[in-house]
1. So, in the range 151-165, of the ones that are surrounded by fewer than 24 Cβ atoms within 10 Å (Cβ to Cβ) and within 17 Å of the chain's Cα centre (by Cα), which residue ends up nearest to the ligand (Cβ to nearest atom)?
2. Filter the range 170-224 down to residues that are within 13 Å of the ligand (Cβ to nearest atom), hydroxyl-bearing (Ser, Thr, Tyr) and over 13 Å from the mean Cα position of the chain (by Cα) and give me whichever is nearest to ARG158 (Cα to Cα).
3. Cβ-Cβ below 8 Å, separation at least six or inter-chain, first residue in the range 57-77 and polar (S, T, N, Q), second part of a strand (DSSP E or B): which pairs?
4. Residues to consider are MET133, MET119; find the one that is in contact (Cβ under 8 Å) with a residue 24 or more places away in the chain and away from the ligand (no atom under 15 Å from the Cβ).
5. Counting residues that are open to solvent by less than 40 Å² (accessible area, probe 1.4 Å) and over 19 Å from SER141 (Cβ atoms), which helices (runs of 4 or more DSSP H) fully inside the range 1-109 reach at least 3?
6. Please note which helices (runs of 4 or more DSSP H) are completely contained in the range 137-234 and include at least 3 residues that are over 27 Å from ILE98 (Cβ atoms).
7. Among (1) farther than 25 Å from LEU194 by Cβ; (2) assigned to a helix (DSSP H, G or I); (3) open to solvent by 10 Å² or more (accessible area, probe 1.4 Å), there is one condition SER114 misses while meeting the rest; what is its number?
Amino acid sequence: MTEIEWWEYDDAAELADAIAGDIQFVIESAIDARGSAVVALAGGKTPFPAYQKLAAAKLDWKRVTIVPGDERIVPLGDPLSNVTQLGKLFIPKGARVIPIVPQANADYKSAGRSADALMQDLHWPLDLCLLGMGGDGHTASIFPGPDFDEALNGPKERRMLGVMPDPLPPEAPVARVTLSRQGIVTARALMIALTGDDKRRVLEQAIEQGPSSPYPIGRVLADAELPVDIHWAP
Ligand code: 6PG
């Protein structure tokens with residue numbers, strides 16, 4: 001059974017402080033232990049205030065590699081691009097950021113090529129994976145649907161990464177590369193940040209249901225070997 005630790009805060013500001021502090025701690029520990037840190041950061045809005053706080057952290061950023069936990073295959077600068085949004089918030093001086101190769105045509109094939117490139121480019125396992133969760137139980141870009149297995153499991157040659165199945169589900173209108181379950185649960189530190197009672201109920205149900213959950217995050221966490229820290233605010 002996955003070991004889950006819930007951390008509850010009074011509001012989103014407290015949540016952001018806590019997440020920023022935890023990310024900084026994980027990065028510092030990874031640098032102390034291995035000389036560098038590779039962190040996958042969630043897209044979506046919840047962690048943004050934490051990223052803004054993290055930008056002010058006194059860290060040896062040149063030893064840090066940052067990659068979005070999932071990416072839409074759109075040109076850099078497109079508002080849909082997670083790494084573009086991250087860059088607006090914080091890409092500290094000296095940190096290495098791996099934008100998943102932007103493609104003019106957001107299609108399934110180019111997503112596969114991007115995943116191959118990223119697979120070679122990252123050092124696995126991640127030191128940290130920070131996830132968000134949608135109201136439908138999606139996490140990273142692993143969306144519910146009859147064939148989300150492709151994203152969940154990632155084809156064997158790139159098991160740490162998956163690609164949303166083709167045709168794309170309506171919620172994921174452009175091709176996406178995403179951390180797969182393997183890429184997520186092998187991270188040395190796994191954190192989830194979410195707000196609101198509805199999402200909390202979905203996540204609690206998903207954890208309860210485990211590997212047969214209709215919520216992707218339930219199937220992802222079912223395999224987590226390390227404790228999972230869930231940071232929640234109303
Ligand atoms: C993405 C994210 C996605 C996000 C959830 C929650 O690229 O969209 O990786 O999984 O974390 O949709 O988003 P919010 O924090 O905005 O609710």
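1. Looking at the filtered set, the residue picked out is LEU152.
2. Among those residues, the one meeting the criterion is TYR215.
3. THR65/ALA37; THR65/VAL38; THR65/VAL39; THR65/ARG96; THR65/VAL97
4. Criteria check complete, one pass: MET119.
5. Per the criteria, 12-34.
6. Fully inside the range 137-234 and qualifying: 197-209.
7. Among (1) farther than 25 Å from LEU194 by Cβ; (2) assigned to a helix (DSSP H, G or I); (3) open to solvent by 10 Å² or more (accessible area, probe 1.4 Å), the lone unmet condition for SER114 is (3).
Per-residue answers, yes or no, for (1) open to solvent by 40 Å² or more (accessible area, probe 1.4 Å); (2) of a type in the set (Gly, Ala, Ser); (3) more than 30 Å from LEU76 (Cβ to Cβ):
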| site | (1), (2), (3) |
| --- | --- |
| PRO167 | yes, no, no |
| GLN182 | yes, no, no |
| LEU194 | no, no, no |
| GLU204 | yes, no, yes |
| PRO214 | yes, no, yes |
| GLY218 | no, yes, yes |
| ALA224 | no, yes, yes |
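The values are calculated or read from the model by the stated rules, or taken from the named source; none is laboratory data. As the structure is a prediction and not an experimental result, all values here were calculated from the model. Cβ coordinates were reconstructed from backbone atoms using ideal geometry, including for glycine residues, and neighbour counts include every protein chain displayed. Just so you know, the surface numbers come from the protein's heavy atoms only, side chains and all, with ligands and any DNA or RNA stripped out. Shrake-Rupley method; radii C 1.70, N 1.55, O 1.52, S 1.80 Å.
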